[in-house]
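Trainee: Here it is: the structure, laid out below.
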Amino acid sequence: MSTIKRRYSKKDFARRGDALYDSKVRPHLADDDDGKFVALDIDTGEYELHASEITAGDRLRKRMPEAQIWMVRVGSRYLHRFGRKRS
């Protein structure tokens, strides 16, 4: 299994990922997508949406083996949270 080399700095990776998510993905989301994961290729804007982050990433990687994947959780600022929720 080969690894994909990152082509952008962490800052550019995040900037591109967030911009594409806001412009290409968010307008197509429905209310029932809340909590699902988006695997997004920051070079092409292609993405996969699924309740499992592994499945979303695997589906995108299958279609685009060299994808630069930015992962987002719909409706959250965080992909994962540690600790308990605030009341």
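The values are calculated or read from the model by the stated rules, or taken from the named source; none is laboratory data. Here the structure is a predicted model, which means the values were calculated and not measured. Note that each Cβ is placed from the backbone with ideal geometry, even for glycine, and that neighbours are counted across all protein chains shown. Ligands, DNA and RNA are stripped out before the accessible areas are found, and what is left, the full protein with its side chains, is counted by its heavy atoms. Shrake-Rupley method; radii C 1.70, N 1.55, O 1.52, S 1.80 Å.
Trainee: In segment 1-52, what residues are part of a loop (DSSP other than H, G, I, E, B), closer than 18 Å to Leu79 by Cβ, open to solvent by 80 Å² or more (accessible area, probe 1.4 Å) and without any contact (Cβ under 8 Å) to a residue 40 or more places away in the chain?
Mentor: Within segment 1-52, no residue meets the criteria.
Trainee: Looking at segment 53-63, which of its residues are open to solvent by less than 60 Å² (accessible area, probe 1.4 Å) and either farther than 16 Å from Leu79 by Cα or over 12 Å from the mean Cα position of the chain (by Cα) (or both)?
Mentor: Initially, segment 53-63 is screened for residues open to solvent by less than 60 Å² (accessible area, probe 1.4 Å), giving 53, 55-57, 60.
Across segment 53-63, the qualifying residue is only Leu60.
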